[in-house]
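The values are calculated or read from the model by the stated rules, or taken from the named source; none is laboratory data. Note that the coordinates shown come from a computational prediction; the quantities given were computed from them, not determined experimentally. No Cβ is skipped: glycine too gets one built from the backbone with ideal geometry, and neighbour counts run over all protein chains shown. Note: accessible area is taken over every heavy atom of the protein model, side chains too, but ligands, DNA and RNA are not part of it. Shrake-Rupley method; radii C 1.70, N 1.55, O 1.52, S 1.80 Å.
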Amino acid sequence: MPELPEVETCRLGIEPWLSGHTIIRVEVHNARLRWPVDKEILLLKKKQVLSVQRRAKYLLLELNEGWIIIHLGMSGCLRVMLYPQFPNKHDHIDLILNNGFMIRYTDPRRFGAWLWSDNIQKSSLLDHIGPEPLSDNFNNRWLYEKLRNKRTPIKTLLTDNKIVAGIGNIYASESLFIAGILPGRAASSLSEKDAETLVQSIKKVLLRSIHKGGTTLRNFLQSNGNPGNFIHELHVYGRKNKKCRLCGTLIQIVKHKQRSTFFCPKCQH
DNA sequence: ACACACTCCTGAATGC
DNA sequence: TGCATTCAGGAGTGTG
C-alpha cells in the first residue's frame with residue numbers, strides 16, 4: 001500500500017523524466033478511478049512540467065496552467081517506459097512525453113485518483129492535512145499537543161492525516177515498534193518523552209524506507225519497475241506469529257478501527 | 001469537535 | 001476441483 005515512502009520513491013523516480021519536459025498528450029484507457037479522471041487531464045495538450053512535488057500521499061505535477069493531483073490509492077504505481085507500449089488490463093493512464101518516454105499509471109484496485117486543480121493552495125483534498133513528518137513542523141511540541149487530550153489508541157492517531165501526513169498502516173506499526181510504545185495505548189497516556197521518542201522514530205523509519213525504495217507488499221513498484229526493498233527491514237508489519245527480530249517473542253496482531261496492527265508484546269510498553 | 005462505521009475495488013488466500 | 005467467502009486498506013463521507 002503506497003504510503004509516504006512509496007509515494008516519495010515514486011516522485012524521485014519520475015521527476016528526472018518529467019521536470020522540464022513536456023506532456024504531449026494523455027492517453028486514458030480507463031477513467032473510472034476513485035473519482036472519474038478530471039476532464040482537464042483528458043483534454044491536456046502540450047504542457048510543460050515545471051515541478052514534481054509531494055504532499056502527504058499525493059503527487060503534484062505542476063504545469064504551466066494548473067496542477068495534476070495524483071493519489072496511488074491502495075495498489076497504484078507509476079513507471080517510466082518507452083513509448084509506445086500496449087496497455088494491459090490494469091494500465092489506466094499514460095502521460096506521453098516529448099522525450100520518447102511515457103509515464104504509465106497502473107492500479108488494479110482503482111482506488112487511486114487523477115484530479116485537476118487550478119489552485120493547489122485551495123484544494124479541498126490538501127487544505128486540512130497536517131505537517132509533513134520529515135519537516136521541522138512535525139516536532140515534539142506539535143505531537144504532544146495533539147496527543148494529550150485524546151483517548152484514541154496512539155496507533156489510530158498516527159494514521160490520521162490531520163495529526164501527521166502520509167503515515168498508513170505499515171509505518172504506524174513500524175514506528176511504534178522502533179519507539180517501544182504499545183499501539184493500543186491511549187494517546188493521552190504518552191509522556192512528553194514518549195512523544196519525543198515517537199517523533200524521532202517516525203522520521204527514522206520513513207527516511208530509511210525511502211532510502212530502500214519503499215515497501216513492496218503486492219503491487220507497488222518503483223518507477224524503474226523494481227520492487228521496494230524496505231520489506232526486508234520490517235520488524236512487525238505482516239509478521240504475525242513470527243519471532244521478533246530483537247527478542248524472539250512472537251509478534252501479535254490486533255485490530256484498531258478494523259485495520260491490522262502488529263506489535264511485539266515484549267519490546268513495546 | 002470527536003470517534004467511529006461505511007464505502008469504493010480487485011486479487012490472493014482460505015473454507016467447505 | 002471449484003465455487004463462495006474473507007481479507008487487505010486510503011480517505012472522503014455520513015452518523016450519533
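Miscellaneous remarks
- Considered as a group, the residues in the range A:31-60 that are among the aliphatic types (A, V, I, L, M) and within 16 Å of DNA strand C (Cβ to nearest atom) include one that is surrounded by the fewest Cβ atoms within 10 Å (Cβ to Cβ), and that residue is A:60.
Listed here are the residues, each with its yes/no results for (1) of a type in the set (Phe, Trp, Tyr); (2) within 14 Å of DNA strand B (Cβ to nearest atom).
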site: A:36; (1), (2): no, yes
site: A:53; (1), (2): no, no
site: A:58; (1), (2): yes, no
site: A:66; (1), (2): no, no
site: A:84; (1), (2): no, no
site: A:91; (1), (2): no, yes
site: A:118; (1), (2): no, no
site: A:122; (1), (2): no, no
site: A:129; (1), (2): no, no
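- Filter result (of a type in the set (Ser, Thr, Tyr) and open to solvent by 20 Å² or more (accessible area, probe 1.4 Å)) within the range A:121-155: A:124, A:135, A:144, A:152
- Selection count where residues are at pLDDT 95 or above and of a type in the set (Lys, Arg), scope the range A:246-268: 1
- Residue count, the range A:198-219 (criterion: farther than 16 Å from residue A:138 by Cβ and open to solvent by 10 Å² or more (accessible area, probe 1.4 Å)): 7
- Note on the range A:220-269: residues that are in a loop (DSSP other than H, G, I, E, B), touching a residue at least 60 places away in the same chain (Cβ under 8 Å) and open to solvent by 60 Å² or more (accessible area, probe 1.4 Å) amount to 3.
- Of all residues in the range A:236-251, exactly one satisfies the criterion of being closer than 16 Å to residue A:217 by Cβ and either outside the structural domain of residue A:178 (by TED's automatic domain parsing) or of a type in the set (Ser, Thr, Tyr) (or both), namely A:237.
- Pairs linking a residue in the range A:139-154 that is of a type outside the set (S, T, N, Q) to a residue that is in a helix (DSSP H, G or I) and open to solvent by 70 Å² or more (accessible area, probe 1.4 Å), with Cβ atoms under 6 Å and 6 or more positions apart or on different chains, are A:144/A:192.
- Here residue A:67 meets the list (1) over 16 Å from residue A:104 (Cβ atoms); (2) out of contact with any helix residue (DSSP H, G or I) (no Cβ under 7 Å at 6 or more places or on another chain); (3) open to solvent by less than 40 Å² (accessible area, probe 1.4 Å) almost entirely, failing just condition (2).
- Count - residues of the range A:21-30 that are open to solvent by 50 Å² or more (accessible area, probe 1.4 Å) and not in a strand (DSSP E or B): 2
- Candidate set: the range A:1-20, residues that are assigned to a loop (DSSP other than H, G, I, E, B) and away from DNA strand B (no atom under 14 Å from the Cβ); chosen: the one modelled with the lowest pLDDT: A:3
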